[in-house]
Amino acid sequence: MLKAMDWLEEATARTRWLGRPFKWKDRTKSTQDDARQWLLNGAPHGAIVLAGYQTKGRGRMGRSWFSPALENLYMTLILRLPPTAPLGTLGLFIAVRSALALRTRLRLPVMVKWPNDLMAEGKKLGGILVEVTQEKGAMWALVGIGINVNVREQDFPEELRPIATSLQIVSGKQLDRGEVLKALLLSIEEGWSHWEKGKAESFWQDFQNLDFLRGRSVQVLLPDGRLVEGVASGITKDGQLILQTADGTTLYVHAGEAHLKK
Ligand code: BTN
């Protein structure tokens with residue numbers, strides 16, 4: 001029988017630097033806040049915070065993140081960003097490496113929806129939240145990763161059921177959180193040295209086979225509240241979504257929230 005922390009020890013034992021040291025909280029408001037506090041108190045590059053459940057889990061664009069105590073993954077990676085790092089692609093890079101991990105190591109059909117959602121069978125499986133801060137003369141990213149691992153259909157609040165899924169729902173069996181964590185950490189660590197040097201090609205190439213939106217009609221809600229629409233036609237190497245609009249123009253979208261057009 002595994003002791004409470006054994007699965008975490010095991011999951012972080014195979015990486016070189018990512019996941020060491022780690023902090024575990026049975027319950028917390030948000031691992032993003034814990035990570036920020038730990039960074040102020042001297043957390044090194046690669047440290048991670050994980051929680052059993054969150055009472056104020058945060059999502060992108062001011063939304064909350066459904067964070068029940070149901071053997072999901074809620075974690076924040078503390079990462080130092082060198083000046084060469086292409087910051088605008090960090091969320092997408094993490095999503096691509098996470099999707100690759102789930103596909104190759106766990107054989108699950110995961111796709112990436114620009115800018116950084118993990119999708120399976122047309123529903124959202126996980127999300128990435130990037131917060132950037134300056135500390136000790138360097139830029140740091142607090143990268144929050146939330147993945148629905150063992151939520152069942154009936155565990156989701158009614159409004160999320162049509163749009164959210166979990167690894168358990170997709171695979172038809174309960175999954176070991178430690179296996180998922182290990183796969184994610186190894187995959188992100190493996191891609192990191194290329195990404196931090198600004199070599200976008202490596203993950204841009206991987207994204208080509210993972211692009212959930214490609215060829216579909218989408219609407220994108222921009223951060224300033226405007227709505228643009230068109231057919232999604234891939235991304236640029238610096239992470240902008242390419243949209244072909246009905247009047248024949250090409251739009252490059254920096255940031256926003258994309259939805260399939262009904
Ligand atoms: C999104 O798709 O909106 C991003 C969701 C990010 C959720 C994770 S769970 C761990 C970390 N702590 C938080 O409060 N949020 C992120």
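With both labels modelled 7 Å from their Cα along Cα-to-Cβ, the Thr249 to Lys56 distance reads 4.1 nm.
What the Cβ-Cβ distance of Arg226 and Leu40 gives, at R0 = 25 Å and to the nearest 0.05, is a FRET efficiency of 0.10.
Remark: the Ser171-Arg80 segment gains 29.3 nm on full extension, using 0.36 nm per residue and subtracting the alpha carbon distance.
Inter-label distance, Ala69 to Glu135: 2.7 nm, where each label sits 7 Å from its Cα along the C-beta direction.
Exposure check, 1.4 Å probe, all protein chains in place: His45 carries approximately 60 Å² of accessible surface.
Computed from the C-alpha gyration tensor, the three semi-axes of the ellipsoid equivalent to segment 2-210 are 24, 20, 17 Å, from longest to shortest.
Cross-linked pairs Lys123/Lys197; Lys124/Lys262; Lys123/Lys261; Lys29/Lys182: Cα-Cα separations exceed 22 Å for Lys123/Lys197; Lys29/Lys182. Put Ser166, Ser233 in order of accessible area, highest first, and with a 1.4 Å probe you get Ser233, Ser166.
Give the ranking of Tyr53, Tyr74 by solvent-accessible surface, highest area first, calculated with a 1.4 Å probe.
Working: Tyr53 75, Tyr74 5 Å².
Order by accessible area, largest first: Tyr53, Tyr74.
Label-to-label distance, Trp24 versus Asp6, with points set 7 angstrom from Cα along the beta-carbon direction: 1.1 nm.
Please get the size of the charge dipole for the chain, origin at its Cα centre, with Cβ charges of +1 on Lys and Arg and -1 on Asp and Glu, quoted in debye to the nearest 20.
On the way: 35 positive and 28 negative charges, 39 e Å.
The dipole of the chain has a size of about 180 debye.
The heavy atoms of Thr245 offer some 30 square angstrom of accessible surface to a 1.4 angstrom probe. Between the alpha-carbon centres of segment 179-227 and segment 90-159 there is a gap of 10 Å.
The values are calculated or read from the model by the stated rules, or taken from the named source; none is laboratory data. Predicted model only: the values in this text are computed from it and were never measured. Reconstructed Cβ throughout: ideal geometry from the backbone, glycine too, with neighbour counts over all protein chains shown. For accessibility, only protein heavy atoms count, side chains too; no ligands or nucleic acids. Shrake-Rupley method; radii C 1.70, N 1.55, O 1.52, S 1.80 Å.
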